[in-house]
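Read-outs: derived from the displayed coordinates by stated rules, not from any lab. Note that the structure is predicted; figures quoted are calculated from it, not measured. Cβ placement follows ideal geometry from the backbone for every residue including glycine, while neighbour counts extend to all protein chains displayed.
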């Protein structure tokens, strides 16, 4: 994408990107039949993010950058997650990781206002586990008194699909 485009060109490109990404999300999350490779989706998504940062007045509530996942399919019963299951963010270089870390530390400090300390103390208390982001399905498993009572897909992060019977067929998931 050219670095300098006018607002009219940006609006057209943003609309094209939104349509492509929304269709790809629908195919991936709802139809379970993706047609766009993950690398291409990530590249288009990044381009949309950059254009929306350049032209914030063109951001709309239905932009793919403003939501997580896609609506749950209607084949299963919808369930609301007790705690939202947010999406992982990509960090393609150390600058992006440092920016993410800064946002996380501000968020963490907001949650833990009673903890006094310097930035150095916060960094000392912070540990990271990094792993490759592998696309696939996320499950929310609920156990009561040590027994599996519900398995649900991530869905849009707030609402997923109840798939407990399917989950019970996965040998690596303990039932108790």
Burial ordering of 175, 139, fewest other beta-carbon atoms within 10 Å first
175, 139
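To the nearest whole percent, what portion of all C-alpha pairs in segment 7-66 is separated by more than 20 angstrom?
Numbers: 391 of 1770 pairs.
Beyond 20 Å sits 22 percent of the P(r) for segment 7-66.
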How high is the relative contact order of the chain, in percent, counting Cα pairs under 8 Å that sit 6 or more residues apart?
22 percent
Go ahead and estimate [θ] at 222 nm for the chain from helices alone: -39,500 (n - 2.57) per DSSP H run with n ≥ 4, summed, over the residue count, rounded to 500.
-11500 deg cm²/dmol
Please report, in Å, the Rg and the Dmax of the chain, where both are computed over Cα atoms only.
19.5, 59
Burial order of peptide ranges 32-39, 161-168, 124-131 (average beta-carbon count within 10 Å, highest first)
161-168, 32-39, 124-131
